[in-house]
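Working notes, structure below.
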Amino acid sequence: MDDKKYLNNDGNADSVGPADDISPDLEKLRVYSQAKMSLASQLRVVRDAFTLLGLEAADAQYGELVVKLAEDHFTLAVLGQFKRGKSSLMNAIIGRELLPTGVLPLTSAITTLRYGPEERLIISQEGSSFIKEVPVDSLADYVTEKGNPANQKKVKSACVELPVPFLRRGIEFVDTPGVGSAITANTAITYGFLPQCDAVVFVTGADTPMTSTELSFLAEIREYVDKIFFVVNKTDLLTENERDETLQFVAGTIKSQIGCDTVKLFPVSARLGLNARITGDAALYEQSGLKALEESLASFLSEEKSAVFLASIANKALRILDHEWEHGAFDESALQERARVVQSKGYVRLKRDPHEAAAAVMEAQKKIHMLYDSIVAGRMDAAAKVADLPAPEMQLQSSQESTIVVPSLETEHLKTKGCPVCRRITEYAQQFFAHWQYQIGTEERSQSEFAAELGFCSLHTWQFLSMCSPHGASTGFAELADQLSRQLKKAALLHAGGDAARQLVRDSKNCRVCGLLRQVEDEYISQFAAQLDKAPFRSRYRRSQGVCLRHLGKLMDAVQTAETREFLLSHAARCFEEDAEDMRSYSLKREALRRSLENRNEEDAYRRAVIRMAGERNVCSPWAEDGEI
């Protein structure tokens with residue numbers, strides 16, 4: 001790779017970064033995006049279960065992973081023992097003396113460098129929901145022991161935004177306090193930050209390389225991070241022979257510690273590297289070792305970062321799950337207790353039992369493992385398809401069935417001004433949609449069913465969307481959109497005609513909702529017909545508005561006697577006649593400017609008549625045969 005700098009001594013880019021001079025591989029980007037969404041869907045399943053099970057801490061941790069996945073930012077942290085020149089190394093990489101350096105332990109807070117169109121420093125403090133923007137040159141006043149002893153200013157984080165190309169593609173370059181100093185809080189801060197790291201630049205010093213403190217710290221880092229760049233700083237302090245011996249010692253020590261055959265070391269002089277940057281000395285830049293390190297970082301960020309990023313999040317997700325399993329969150333006693341709490345709070349209406357939630361977690365955990373293993377093996381394409389794989393067999397059984405009970409006939413429906421059968425169908429549809437929007441927004445299996453069925457008919461698709469939030473719709477319809485995409489691609493390869501597209505459109509014959517509502521309609525009509533033979537019910541029906549014409553026909557087919565059919569026809573004829581009288585009376589009073597004489601019966605007579613003619617607006621689907629426009 002040729003000599004390519006990110007910044008010249010003016011702080012401007014004097015040549016392109018490694019990924020700027022090539023055309024993007026759109027297929028790789030697509031596969032990465034699919035793998036990311038596949039992981040996101042599993043995180044969503046687990047989060048929903050955590051919420052139901054009352055695992056607030058784990059839910060919050062997963063929430064942070066979802067945020068990180070959505071923001072798609074990559075945390076590259078510089079770690080090591082105190083006084084190894086971590087801040088100096090970062091200054092050399094960005095090409096300016098920004099981070100404070102010195103002889104004594106300095107950094108006392110996490111400092112993040114990220115891309116921004118203009119330079120600015122943002123301070124976040126404990127106990128405050130507001131951020132503070134201060135001049136960049138005041139950074140030392142917040143993140144050093146001298147400027148902020150024992151963190152008296154309660155700094156939670158310091159973020160410096162810079163127009164540096166190195167940071168442009170979602171990189172967060174993080175400076176951490178050194179471990180092992182007399183300031184124990186610094187060590188605690190750094191150890192606490194490890195779960196947030198996606199990759200690490202581990203810095204040791206050529207003067208006193210790989211102490212026992214560093215070895216212990218490296219073992220801890222390996223628990224959280226797979227990708228580590230090993231830097232031996234301050235090599236300019238050694239002779240050539242001393243340098244070679246030191247590098248051999250460091251490599252051997254690291255191999256023994258992490259159990260691997262090869263270790264790539266980057267011998268660097270951050271001091272010389274920064275001087276080279278400031279003076280524009282290309283020879284010194286290469287001599288300092290900074291060029292080799294930057295080229296390796298640049299290659300990693302352009303070619304490997306995406307896979308490491310997803311693997312890091314998947315690994316963190318699995319660690320959180322392992323912790324919850326180890327602490328009994330999914331033990332039978334815990335699930336039974338949560339079931340009692342759920343029922344006491346009325347959550348049972350959601351038809352989601354804690355045992356079902358635990359089973360969903362098990363499914364998701366297996367898929368996250370599969371996704372992680374695929375990425376580590378270099379199979380991003382396989383990771384992208386994890387969400388499409390059938391869910392592993394559940395080992396926990398739900399104590400509830402996710403069904404909706406068809407309600408019985410209620411005489412209250414006869415009091416409506418519309419068709420009582422249409423009203424029952426509408427209520428059932430609303431109940432189904434409320435239940436389904438929860439399922440499709442949280443359960444992978446329901447999303448797969450929805451996609452396999454190619455969704456609902458046009459009428460019920462729009463009715464369903466009217467009850468969904470944009471987030472719920474986006475979650476529930478994404479897999480359906482993918483399914484349609486696959487079907488259309490297949491049709492394109494077969495050079496199919498227009499029927500290929502028409503077959504993907506649902507109608508009343510193959511829409512799940514239409515089928516359910518036909519069942520509800522038939523059962524309700526049957527109940528209605530049986531009641532009409534009873535005098536008290538017939539008397540209430542006589543005082544009602546009756547049913548619409550379509551349901552009148554079905555009702556007449558269902559009743560047993562000619563006398564009942566004659567009663568139904570006579571009642572319907574009288575209702576239409578009264579509607580006509582009310583409509584004409586309403587029109588006349590309007591024309592005579594006598595609105596004060598109008599009554600409510602006359603005012604909505606036209607609506608009652610139309611409902612009787614065509615049925616309720618929400619159920620006017622031609623179930624028997626779809627019409628053509």
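Every read-out reported here was derived from the displayed coordinates using simple, explicitly stated rules and does not represent laboratory data. Just so we're clear, the structure is a prediction, and the values are computed from it rather than from any experiment. We place every Cβ from the backbone using ideal geometry, glycine too, and count neighbours over all the protein chains shown.
Side notes on the structure shown:
- Under 5 Å between amide hydrogens, built in the peptide plane, is the criterion, and for residue 75 it picks out 172, 198, 199 among residues at least 5 positions away or on other chains.
- Leading residue at positive end of dipole, the range 411-619 (Cβ point charges), from 474, 428, 539: 539
- Around the amide H of residue 210, modelled in the peptide plane, lie the amide H atoms of 205, all under 5 Å away and 5 or more residues distant in sequence or on another chain.
- Listed from fewest to most Cβ neighbours within 10 Å, the set 584, 506 follows the order 584, 506.
- Cα-centred dipole magnitude for the range 519-561, charges only on beta-carbon of K, R (+1) and D, E (-1), debye, nearest 20: 360 debye
- Under 28 Å of direct C-alpha separation, and excluding same-chain neighbours fewer than eight residues apart, residue 589 reaches these lysines: 415, 417.
- Protection proxy ranking, peptides 465-473, 110-118, 288-296, average beta carbon neighbours within 10 Å, highest first: 288-296, 110-118, 465-473
- This ranking places 436, 462, 325 by how few other beta-carbon atoms lie within 10 Å of each, fewest first, which gives 462, 325, 436.
- As a rough footprinting exposure proxy, the listed residues 613, 362 were ranked by other beta carbons within 10 Å of their own, and the order from fewest upward is 613, 362.
- Percent of beta bridges antiparallel (DSSP, the range 62-189, rounded to nearest 5): 55 percent
- Over 32 Å (Cα to Cα) - which of 316/489; 489/554; 367/509; 36/490; 146/316 fall in this group: 316/489; 489/554; 367/509; 146/316
- Cross-link pairs 132/154; 86/154; 227/255; 132/153 - those with Cα-Cα distance over 18 Å: 86/154
- Whether the range 411-619 is rounded, prolate or oblate, judged on the alpha carbon gyration tensor where a/c under 1.5 counts as rounded: prolate
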